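S.K.: Take a look at this one; I'll ask things after.
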Amino acid sequence: MEELHSRGESLAESFFAKRDKELIENLRKELSSEEDRTSLKAASGIEDEAVLQGLVDQGITPESLTAVSLIPLVTVAWADREMAASEKEAILKAASEAGVGTDSAAYGLVESWLQTRPEDGLLDAWKNYVASIKSKLDPAATTQLKHSVMTRSKEVAAAAGGYLGLKKISAAEQSVIDELEAAFG
């Protein structure tokens, strides 16, 4: 009987130790997420907690914030569920032009997006980001940002499209381009 009681206590201790470990890990994740949102808020100027959390959920950090500008290009390239070598090349060129160094966290994030199609929530996170920053930009800056995003997105779409030198954009890519344009209102 004593042995049975001892085993029962041991099982209970094991259960509660495991449960405590899970609770502590969840608390660490919450604190880490809060720290990530605070850092991202400082780096981006975004105040909206839902937008910040959406960016954090997609793996965006202050160090990789530059990569956010490349989300439209990545989304267009993956619109047809394939990433052509010419699309990768166009995105990496855009990353380089944006000052994303090959040894940076942003470059690593972009590389992962080029290797594996990102989750669908990435475009939504970007649209929320745009909605948030639009209110902070003057109309001329918003127009310039829109022009830059649209031009680069169309270049990526055209990079893989075409036949006999014609730069044709697929219907799936055009649909994403239309979404990007609509995000600017």
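The values are calculated or read from the model by the stated rules, or taken from the named source; none is laboratory data. Note that the structure is a prediction, hence the values are computed from the model and not measured. Heads up, the Cβs are rebuilt from the backbone with ideal geometry, glycines too, and the neighbour counts pull from every protein chain shown. Protein only, heavy atoms only, side chains kept; ligands, DNA and RNA dropped before computing areas. Shrake-Rupley method; radii C 1.70, N 1.55, O 1.52, S 1.80 Å.
S.K.: Can you give the net charge of the other residues whose Cβ lies under 9 Å from the Cβ of residue 56, counting K and R as +1 and D and E as -1?
M.R.: Value of the local net charge: -1.
S.K.: Starting from the 7 Å offset along Cα-to-Cβ, what nm value, one decimal, do you get for the label separation of residue 138 and residue 84?
M.R.: Using points 7 Å along Cα→Cβ, the separation is 4.0 nm.
S.K.: Let me ask something else about it. What's the lysine pair count for region 51-185 at a Cα cut-off below 25 Å, pairs eight or more apart or interchain?
M.R.: Close lysine pairs under the 25 Å cut-off: 21.
S.K.: Tell me, in nm to one decimal, what length is gained between residue 151 and residue 33 on full extension, where the rule is 0.36 nm per residue of separation less the Cα-Cα distance?
M.R.: The span from residue 151 to residue 33 would gain 39.1 nm if fully extended.
S.K.: Among 114, 160, 101, flag the residue with its Cα farthest along the positive direction of the charge dipole of region 43-178, charges on Cβ as +1 for Lys/Arg and -1 for Asp/Glu.
M.R.: The listed residue farthest towards the positive side: 160.
S.K.: What list of ³J(HN,Hα) couplings, whole Hz, do you get for region 109-118 from phi and the Karplus terms 6.51, -1.76, 1.60, once you set θ to phi - 60° and write x for glycine and proline?
M.R.: In residue order, the calculated couplings are 5, 4, 4, 5, 5, 6, 7, 10, 4, x Hz.
S.K.: Say each of residue 120 and residue 168 gets a label point 7 Å from the Cα, pointing the same way as Cα to Cβ; how far apart are those two points in nm?
M.R.: That separation, rounded to one decimal, is 2.8 nm.
S.K.: Given C-alpha coordinates of region 40-185, what is the ratio Rg to Rh with the Kirkwood estimate of Rh?
M.R.: 0.95
S.K.: Going by average Cβ density within 10 Å per residue, which order do the peptides 71-78, 141-148, 34-41, 173-180 take, highest to lowest?
M.R.: The most tightly packed comes first, giving 71-78, 173-180, 34-41, 141-148.
S.K.: How large a share of the accessible area of region 32-185, in percent, is made up of carbon and sulfur atoms when the probe is 1.4 Å and the other protein chains stay in place?
M.R.: 51 percent
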